[in-house]
Amino acid sequence: MALEEGARSCLLRSRHRLEQDIKPSYLMDHMVSDGVLTVDEEERIRTQPTRKDQAVALLELLLRKDNRAYISFYNAMVKEAYNDLANLLHRDLPRVLPEAHFRLSDCCTPHVQAVLSEGGVPQRPVVFVSRPELVNRVREKLYRLQKEPGWVTVFGMAGSGKSVLAAEAARHHGLLEECFPGGIHWLSIGQLDKPDLLVKIQLLCFRLEQSLDSQSLHRTPNTLDEAKERLRFLMLRRYPRALLILDDIWDSTVLKAFDLHCRILLTTRNRSLTNSVSGAIYEVEVESGLDENKGMEILALYTNTKLHGLPEEARSIVRECKGSPLVVSLIGALLKEKPNRWPYYLRQLQQKQFKRIRKSSSYDYDALDQAMAASIEVLPDEHRELYKDLTVLEKDIRVPAKVLSVLWELEPEEVEDILEEFVNKSLLFVDSHNKPYLYYLHDLQLDFLVECVMCKISAAVLR
Ligand SMILES: Nc1ncnc2c1ncn2[C@@H]1O[C@H](COP(=O)(O)OP(=O)(O)O)[C@@H](O)[C@H]1O
Ligand SMILES: [Mg+2]
């Protein structure tokens, strides 16, 4: 499909600025992997003598390409953090493709609001920044559920913004109309035992039945099996084209209760959770970081300041937060109360004094610790101890499996399995661009672990 007129003129309008600033080689990597640029085309552009010439050639080519290419170019800019430039293109993103279904104007129509609030989908947080590239990826996967049932899994570490993202992805007119005319139904799961799970499913069934016009007065299902059957009936017969959002799933047995051949979006820290369910599975990883400018935007919104009016500490604070939306928001909320404390919080972050920061706030600062503690808690005992050994890793150091094999005195194969488990549970990160793979902890995880181990030592000493 040829490039839409609006998109073409936007490219023409912005051409000069784009040519000045973009680094085509980075952008083209993404575009080739999206399949909108051939390797030959990339090569031809790369052989241009200067960066500027390459940019000119890329834009020339883009103007002759289609909507998909424009969208891919836009996404590549978002990925490479050319936020201002991406904004220039955002307004004219073509709409024909599923990927393009994220125009802001589409998000908050009264119809969308009504459907989401009926389904219990949480509102945006008061301070909210868009993450178009990620939202777009989730929506694109959701579109694949249009034709057949299946699962979209959003996974990542605690506080990386999964729940906010899942709700945001659903906030879209086109998606609701085309894929999920049966509505969106949100269920917060968390760590549950069987009786809790039964109550959750009972409530969901109740909600679904209530929304139907028929005055069906069904007996409340009393056992888990009955509840599952009831839900299966409702999803298959009454809500065949609805989306169920299961937020924060921990346990594959819980997930199995929802293995009903329906359409599900779930958030989890554990990537391998869907291994045991049937049907198509699409995954989106929320890597830990918000990009720096988004972090700045959050601070600006909390403190009611313009971006360029933020004090010089702002950027360092965002960096210290390592892009965790949760932590940036926590600091933002504190600064809102105490606007003169920028240098103080920066120092606290630099000295890793999360505890002190937490204590000075009414905000739910334990969120991150709790989330981390809970993730570690569910590991088998022996693996938990091994995980705690990772405190020996230095900040920003990445190690191959071999090093851990020495540390733990285990066979390499066994180490591989354990590392895979940690990675799947978002407790550890892997850099797979390297061979051998390199493993590392998020700074916050390392701080948490060190604090845990220190507390344990001091508790033991005091005893
Ligand atoms: N897009 C966003 N804009 C602003 N703040 C965000 C955004 N995403 C996440 N946050 C902040 O981070 C916190 C944690 O996000 P959440 O989605 O609950 O993480 P997760 O589900 O991965 O644990 C939120 O409560 C909010 O304060
Ligand atoms: Mg969550």
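Every read-out reported here was derived from the displayed coordinates using simple, explicitly stated rules and does not represent laboratory data. Since the structure is predicted, the reported quantities are computational estimates derived from the model, not experimental observations. So basically every Cβ, Gly included, is an ideal-geometry build from the backbone, and we count neighbours across all protein chains shown.
The figures follow:
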{"quantity": "Candidate aspartates and glutamates - alpha carbon under 17 Å from LYS336, same-chain residues fewer than 8 apart omitted", "calculated": "GLU297, GLU312, GLU313, ASP364"}
{"quantity": "Top positive-direction residue, dipole computed over segment 379-462 with Cβ charges, set HIS383, LEU407, HIS433", "calculated": "HIS433"}
{"quantity": "Label-to-label distance, nm, for residues given as GLN210 and GLU409 (7 Å Cα→Cβ offset)", "calculated": "5.9"}
{"quantity": "Cα centre as origin, Lys/Arg/Asp/Glu Cβ charges: segment 139-180 dipole, Debye", "calculated": "120"}
{"quantity": "Computed magnitude of the charge dipole of segment 247-339 (debye, nearest 20; Cβ of K, R +1, Cβ of D, E -1)", "calculated": "120"}
{"quantity": "Listed residues LEU334, SER160, GLY323: farthest to the positive end of the dipole of the chain (Cβ charges)", "calculated": "LEU334"}
{"quantity": "Segment 5-96 - convex hull of the alpha-carbon atoms, volume per residue in Å³", "calculated": "80"}
{"quantity": "Ellipsoid equivalent to segment 207-360 - semi-axes via the Cα gyration tensor, in Å", "calculated": "45, 18, 15"}
{"quantity": "Centre separation in Å (Cα based) which lies between segment 138-189 and segment 194-209", "calculated": "20"}
{"quantity": "Neighbour-count order for TRP408, TRP151, TRP342, fewest beta carbons within 10 angstrom listed first", "calculated": "TRP408, TRP342, TRP151"}
{"quantity": "Segment 379-462 - Rg over Rh from alpha carbon coordinates, Kirkwood radius", "calculated": "0.98"}
{"quantity": "Stokes-Einstein D for segment 157-218, Kirkwood Rh over Cα pairs, 4 °C, 1.567 mPa s (µm²/s)", "calculated": "92"}
{"quantity": "Ranking of VAL154, VAL199 by count of other Cβ atoms within 10 Å, fewest first", "calculated": "VAL199, VAL154"}
{"quantity": "Cβ-placed point charges (K, R +1; D, E -1), dipole of the chain about Cα centre in debye, nearest 20", "calculated": "1420"}
{"quantity": "Expected-Rg normalisation [2.2 N^0.38 Å, Cα atoms] applied to segment 254-307", "calculated": "1.77"}
{"quantity": "Farthest positive-ward along segment 255-320 dipole, Cα basis, beta-carbon charges - from LEU265, SER278, LEU299", "calculated": "SER278"}
{"quantity": "Neighbour-count ranking [beta-carbon atoms within 10 angstrom, fewest first] of HIS173, HIS442", "calculated": "HIS173, HIS442"}
{"quantity": "Ordering of 226-235, 316-325, 271-280 by packing [mean C-beta count within 10 Å, highest first]", "calculated": "316-325, 226-235, 271-280"}
{"quantity": "Pairs from LYS200/LYS388; LYS200/LYS294; LYS388/LYS435 whose Cα-Cα separation, in the structure shown, is over 29 Å", "calculated": "LYS200/LYS388; LYS200/LYS294"}
{"quantity": "P(r) weight above 25 Å for segment 104-285, C-alpha pairs, percent", "calculated": "28"}
{"quantity": "37 °C / 0.692 mPa s Stokes-Einstein diffusion coefficient of segment 184-276, Kirkwood radius on C-alpha pairs, µm²/s", "calculated": "243"}
{"quantity": "Entries of LYS52/LYS306; LYS322/LYS425; LYS79/LYS162 with Cα pairs more than 21 Å apart", "calculated": "LYS52/LYS306"}
{"quantity": "Sequence-distant residues sharing a close amide H with GLY182 (under 5 Å, placed H)", "calculated": "ARG241, ALA242"}
{"quantity": "Coordinate range along principal axes, alpha carbons of the chain, Å, largest first", "calculated": "67, 64, 51"}
{"quantity": "Sequence ranges 180-193, 254-267, ranked by mean other-Cβ count within 10 angstrom, highest first", "calculated": "254-267, 180-193"}
